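The values are calculated or read from the model by the stated rules, or taken from the named source; none is laboratory data. Owing to the predicted nature of the structure, the values given are computational and were not obtained by experimental measurement. Note that each Cβ is placed from the backbone with ideal geometry, even for glycine, and that neighbours are counted across all protein chains shown. Accessible surface areas use protein heavy atoms only, side chains included; no ligands, DNA or RNA. Shrake-Rupley method; radii C 1.70, N 1.55, O 1.52, S 1.80 Å.
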Amino acid sequence: MPAIAPNPPSPSLPQRVLLVENSRAFVQAVAQAIEQQLELPVTVASTLAEARAALAAHDDWFLVLTGLVLADGDHEAVVDCFLGRELPTVVVSGVYDEELRERLLRRQIIDFVLKNTPGSLDYIVWLVQRLERNRRISALVVDDSPSARAHAGLLLELFGYRVVQAPDGDRALAAVEADPTIRLAIVDQEMPGMQGIELTRRLRALRARDRMAVIGVSGRDDPGLVARFLKNGANDFLRKPYSREEFFCRVSQNVDQLELIGSLQDLATRDFLTGLPNRRHFLEQAEQMVPRMLNVRLPVAAAMLDVDHFKHINDSWGHETGDHALRALAQAMSAHARHQDLVARFGGEEFCMLVPGLEPDELAAYFEELRKRVEDLRVPLRNGELNMTISIGVCAAQPGDSLHHLLNEADRRLYLAKAGGRNRVVGEAA
């Protein structure tokens, strides 16, 4: 029995948020925060009738945030309206009623939020952002009990995750190897064959802490179990039976931490202006790729690229326009590059590429196509548009070449391209 795979993700996920509430001040604050901070479109309704009309007018709904006090519907009618359409729903209430809250949570609303408490607006914005991002993350549930596996899977689906289920450790490992979108694993300890702690240790060999969170789960009353899970690579632990809210909080906290680590890594390895990898990250990756390709006698080439007359662009149009030009070039390079290519901004108007697997004729055509792509670019500006060109120096590696030699030679050929009139590629014939 293979691991149970999720449905393939939609290429274009729904984005629209429906905010149903009769307090104008609250609506304005929430709608403005979501639109400005998350860049999600918000449609507002103050009655159930307006909400139904909005639902009929659009079909790209991602989430409903609704109050319970509406002129034309009681609590049950309001919730029925949205859950009956299978819309993810968060209830936002001004009154805390524990019995009502428990009843609505049992009906599979996502959350019950008090709107008049300190920090409630920040929590709502965080929750919407978390739910929106969850749709791009797969979560793995590993448990030999079909009912326990289904329970955790349903909770994760309620929070927007795509869910993969596995009944044992071997199939869990196979699922992680096959699916790079798995960022979270819920691992039960008590399973026949490979137990949860051993599975966690093996998962860590496949995917590091900064790429996947592992939460151990057990119903055993063993005080040493938590420490053993953590020492073998788990990020957290849940003891069965767990509440739905504890489950959501722990899962969300661990996924938030993954994203924070990713953001810090981006700051260290990416160029802030263009979003491309920076010089340091490029050199680290290229130092490994060049000898690896040469050792198996496969072609690899380095290229240095430079925006022609970039100082003139800055002086004539201003530095903001220069930044637009660099971002447009970075986007063109990213669109042109294959998944195995390395692309980076080295600094200023200088960019670098490392391109494996192309023979000389293919290499020449590859960079000529990139040159033409940039030449055809039209960068929109407030008072017109900017066109630009680039010069490219290319050096294909020979046996025994170092990365340092490749980059120096590509840089020399870039200089020749500039000296030869710019807007050209200089390669092996130089």
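Rounded to the nearest whole Hz, the Karplus-based 3J(HN,Hα) values (6.51 cos²θ - 1.76 cosθ + 1.60, θ = phi - 60°) of the range 196-202 follow the sequence x, 5, 5, 4, 4, 4, 6, with x at glycine and proline.
What does the C-alpha gyration tensor say about the overall shape of the range 110-152? Classify as rounded when a/c is under 1.5, otherwise prolate if a/b is larger than b/c, or oblate.
Numbers: a/c = 4.84, a/b = 2.13, b/c = 2.27.
Note, shape of the range 110-152 comes out oblate.
Taking 2.2 N^0.38 Å as the expected size of a compact globular protein, what ratio does the Cα radius of gyration of the range 17-89 give against it, to two decimals? Could you put the intermediate results ahead of the total?
Values: Rg = 11.5 Å, N = 73, 2.2 N^0.38 = 11.2 Å.
Normalised Cα radius of gyration, the range 17-89: 1.03.
Taking springs between alpha-carbon atoms closer than 10 angstrom, which of THR274, THR66, THR200 fluctuates most in the Gaussian network model of the chain? Largest GNM mean-square fluctuation: THR274.
Report, to one decimal in Å, the Kirkwood hydrodynamic radius for the range 311-383 based on all distinct Cα pairs. Taking the inverse mean of 1/r over all distinct Cα pairs, the range 311-383 comes out at 13.6 Å.
For the range 151-301, the square roots of the Cα gyration tensor eigenvalues, ordered a ≥ b ≥ c, give a/c of at least 1.5 with a/b greater than b/c, which places it in the prolate category. Here the label points at THR389 and GLN129, each 7 Å from Cα along the C-beta direction, are separated by 4.5 nm in the simple model. Distances over 20 Å make up what percent of all Cα-Cα pairs in the range 254-392? Of all Cα-Cα pairs in the range 254-392, 52 percent lie more than 20 Å apart.
If a spin label sat at a point 7 angstrom from the Cα of ALA178 along the line to its beta carbon, the backbone N atoms of the range 146-170 nearer than 18 Å would be those of 162-170. Directionally averaged projected area (the range 379-430, Cα convex hull): 4.8 nm². Counting only DSSP beta bridges with both residues in the chain, the antiparallel share comes to about 40 percent.
Quick one: in the chain, what % of C-alpha pairs are over 35 Å apart? In whole percent, the share of Cα-Cα pairs in the chain beyond 35 Å is 49.
Rounded to the nearest 20, the Cβ-based charge dipole of the range 214-296 about its Cα centre (Lys and Arg +1, Asp and Glu -1) stands at 240 debye. Considering only the range 1-142, what is the antiparallel percent among its DSSP beta bridges, to the nearest 5? That works out to approximately 5 percent antiparallel. Fully extending the segment from ALA268 to HIS309, taken as 0.36 nm per residue of separation minus the present Cα-Cα distance, adds 11.8 nm. From largest to smallest, the equivalent ellipsoid semi-axes obtained for the range 1-154 from the alpha-carbon gyration tensor read 28, 19, 16 Å.
Solvent-accessible area of the chain (1.4 angstrom probe, protein heavy atoms only): carbon and sulfur portion equals 51 percent.
Where in the range 365-410 are there trypsin sites (Lys or Arg not before Pro) that are in a DSSP coil and have at most 11 other Cβ atoms within 10 angstrom of their Cβ?
On the way: sites: ARG371, LYS372, ARG373, ARG378, ARG382; in loops: ARG378, ARG382.
Here the trypsin sites (Lys or Arg not before Pro) that fit, given the DSSP loop and packing criteria, are ARG378, ARG382.
Look at the Cα gyration tensor of the range 135-211: its axes a ≥ b ≥ c give a/c of at least 1.5 with a/b at or below b/c, and that counts as oblate.
Accessible surface for the range 18-60, divided over its residues, is 54 Å² per residue with a 1.4 Å probe.
In this Cβ point-charge picture (+1 for Lys and Arg, -1 for Asp and Glu), the chain has a dipole of about 640 debye about its Cα centre. Once you charge only the Cβ atoms, +1 for Lys and Arg and -1 for Asp and Glu, what is the size of the charge dipole of the range 358-430 about its Cα centre, to the nearest 20 debye? Once rounded to the nearest 20, the dipole reads 520 debye. In sequence order, the range 140-156 has phi-based couplings of 9, 10, 10, 7, 6, 8, x, 5, 5, 5, 5, 4, 5, x, 5, 5, 5 Hz under the Karplus curve 6.51 cos²θ - 1.76 cosθ + 1.60, θ = phi - 60°, and Gly or Pro positions carry x. Normalised by 2.2 N^0.38 Å, with N the number of residues, the alpha-carbon radius of gyration of the range 317-430 equals 1.10. Length gained on full extension, ARG412 to SER316, computed as 0.36 nm times the residue gap minus the Cα-Cα distance: 31.7 nm.
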